[in-house]
Amino acid sequence: MSFYGLVDGSEKSLLNFLNQLSGVDQVGAESRAAMLATRSIKTTSKRWAIDTAISMVDLTTLEGADTPGKVKALCSKAVRPDPTDSTVPSVGAICVYNDMVSIARTHLDSIGGEKVPVAAVSTAFPSGRASMDVKIRDTQDAIDAGAAEIDMVIDRGAFLSGKLGLVFDEIVKIRQVCGEKAHLKVIFETGELVTYDNVRKASYLAMLAGADFIKTSTGKVAPAATPPVVLVMLEAVRDFYSLTGRRIGVKPAGGIRTTKDAIKQLVLVNETAGPEWLTPELFRIGASALLNDLLMQRMKMDDGYYASPNYVTID
Amino acid sequence: MVATNRIEVKKTYKLFINGAFPRSESGRVFEVHSKKGEFIANPCLASRKDLRDSVTAARAAQHGWAKATAYNRGQILYRIAEMLEGRAEQCAAEISTTTAITPLKAQSMVSEAIDRWVWYAGWSDKLSAVTGATNPVAGPYYNFTIPEPLGVVVVTASDSFIDFIDAIAAAVVSGNSVIALVDGGLSVPAMTFAEVLATSDLPAGVINILTGSLDELAPWAASHMDVDGFDISAISKKKRAELKVAGAENLKRIYIADGKLTPSRILAFMEQKTVWHTIGV
């Protein structure tokens, strides 16, 4: 395997590559993200941003208490987020646990949601603590059930203790399992990586290993998708594109609950990676409560008065 | 000795939203002057976004407030009266400096307001006994009628501190969460009242107070789909019809007080629920 001709697959070449990356200016990243968060997006731009954000939502339910009924209801919502308004776009994907993949796929197909992909969280999500064999079979199981996107978690313990080769090899193996059938999103759990330098390293490591998307968090650990972390990851995909000519996607997940949060993310994308990334193919937002707030803001823009959660579904 | 050249410590007036004292999102303020034209304070001129934030806070707080026992709600409201008693002088001074009311009259007004608050507090655990019922039905059922709070209620007050206290107390005692809109000079004692609320164990968001322009905020409150009741007693007669129309979209209960101290003002923001229950063998 070539790994874009940047590394040869050995741990040594990987370390050489990652060690020549410059460190992240923490103060600079935080103030840049804070500055971009002050942009005021109003009227027609806001309308465009809301619809774009809806089309980027990976509508997620990852609870122990999930049932087939809940997943089906969520699938219906994914296809027609607002049943009273057919101009609302479908969401980017449905994100569920492995055993719910076939239920989601079948239901989506039966209600005209063929175009909405199902993403499965894999490799012993959310901890990533399982043997490689189990992780591979976990992934294969999800793909066999119809998952078109695999959200895998990295082994943070290995990453933090410096076993970067191990983390790299795991991603490469899961990438091979995915083959042409499924997109691979790699979850870092940035809340556990401690520093922005680690986030930058993990981003390059995952991209070199063949990730199609890099994703901030599982949603089970706080802090999750903070704007500076997303900024660092967007810089990484931008620089990786100029290095290799390939655009890798970014998926912030966890803690994005309001329209304002989502629009801040879109501003970050536009100003950091560039407008080419403002598409569901390259930017997704992992969320559950966010969609209702986006719908309520959309209602407010249409009706001229503030909306109530009584008029959107309880998920 | 009190130094005469001491730098004055002036109070920054803010809003009261979700148990905190934020400035208006808009950054706007307005001036309050005494009857003689002397500058008194710069209260916040709340914007519709402050109102929206208040509704979100009030909605989040309402369930817990309604679920608290009536006894507990009464205790907390009584605690507010205790705290207000300690601030009575300050309140009276603020009323007399911002209006034409004499200091003596202002003091008796504040005492009256506290008494009324206690009167309302007492109703919390008596409402269902007095206005609920076990209804006679021809069948093997119990049939109960129980009063329940509406949800989020916006109230208005313009000139009188007593009206302000009446409007809030009548809505909050039954388990509603309240957003009070006040304007003009009343904003000054109203924010003192907010400081009383902040030290009375009242859960955050149950009462929110916005100072500013009633004309600006009332239409947004009337049309807000997540507001269940709206007391428009302080709105001028000319503007009321427009608010009633705006409130019709979500069947908002719109209420105008008649100035009497009566429990029907509490019931205005409650609805009677009737429950059928089989009689066990």
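The values are calculated or read from the model by the stated rules, or taken from the named source; none is laboratory data. Keep in mind it's a predicted model, so treat the numbers as computed, not measured. Here the Cβ positions follow ideal geometry from the backbone for every residue, glycine too, while neighbour counts run over all protein chains shown. The accessibility values were calculated without ligands, DNA or RNA, using every heavy atom of the protein model including side chains. Shrake-Rupley method; radii C 1.70, N 1.55, O 1.52, S 1.80 Å.
From its DSSP helices (H runs of at least four residues, each -39,500 (n - 2.57)), chain B gives a residue-normalised ellipticity at 222 nm of -13500 deg cm²/dmol. Accessible surface buried at the B:A interface totals approximately 1000 Å², computed with a 1.4 Å probe on protein heavy atoms. Along segment B:49-66 the Karplus relation, 6.51 cos²θ - 1.76 cosθ + 1.60 evaluated at θ = phi - 60°, assigns HN-Hα couplings of 6, 4, 4, 4, 4, 5, 5, 4, 5, 5, 5, 5, 8, 5, 4, x, 5, 5 Hz to successive residues, with x for each Gly and Pro. By the gyration tensor of its Cα atoms, with a ≥ b ≥ c the square roots of the eigenvalues, what is the shape of segment A:111-261: rounded for a/c under 1.5, prolate for a/b over b/c, or oblate? Rounded shape, in that the Cα axes give a/c under 1.5.
Under 10 Å, Cα contacts only: if you run a Gaussian network model on chain A, which one of A:65, A:211, A:119 comes out with the highest mean-square fluctuation? For chain A, modelled as a Gaussian network with Cα springs under 10 Å, the answer is A:65.
The string of couplings for segment A:261-272 from the Karplus curve (6.51, -1.76, 1.60, θ = phi - 60°) is 4, 5, 5, 4, 5, 5, 4, 4, 4, 4, 8, 10 Hz, one whole number per residue in order, with x for Gly and Pro.
Pairwise inverse Cα distances across segment B:40-278, averaged and inverted, put the Kirkwood hydrodynamic radius at 18.2 Å. Applying the criteria of a DSSP loop state and at most 14 other Cβ atoms within 10 Å to the trypsin sites (Lys or Arg not before Pro) of segment A:81-165 yields A:115, A:129, A:163. Using C-alpha pairs below 8 Å separated by at least 6 residues, the relative contact order for chain A is 19 percent.
Running a GNM on chain A with Cα contacts under 10 Å, which residue among A:54, A:171, A:103 ends up with the highest mean-square fluctuation? Comparing A:54, A:171, A:103 in the GNM, the peak value goes to A:103. What the phi angles of segment A:93-103 give under the Karplus curve with 6.51, -1.76 and 1.60, with θ = phi - 60°, is a coupling list of 6, 9, 10, 9, 6, 3, 6, 9, 4, 5, 4 Hz, glycine and proline written as x. Solvent exposure of chain A amounts to 41 Å² per residue of accessible area, where only protein heavy atoms count and the probe is 1.4 Å. Over segment B:40-278, Cα pairs under 8 Å with separation of 6+ residues give a relative contact order of 27 percent.
For chain A, with a Gaussian network of springs between Cα atoms less than 10 Å apart, report the residue from A:146, A:191, A:274 with the top mean-square fluctuation. Checking each option, the largest mean-square fluctuation is seen for A:274. Taking all protein chains together and rolling a 1.4 Å probe, residue B:277 ends up with roughly 100 Å² accessible. Among the residues of B:246-257, the average count of other protein chain beta-carbon atoms within 10 Å of the residue beta-carbon is 1. Between segment A:41-98 and segment B:26-76, what is the C-alpha centre distance in whole Å? That distance is 34 Å.
Taking only protein heavy atoms and a 1.4 Å probe, the accessible area of the protein assembly as shown is 54% carbon and sulfur. Here is the list for segment A:246-315: GluC sites (Glu not before Pro) lying in DSSP coil, each with at most 15 other C-beta atoms within 10 angstrom of its C-beta, are A:281. Here the ratio of the Cα radius of gyration of segment B:1-144 to 2.2 N^0.38 Å is 1.49.
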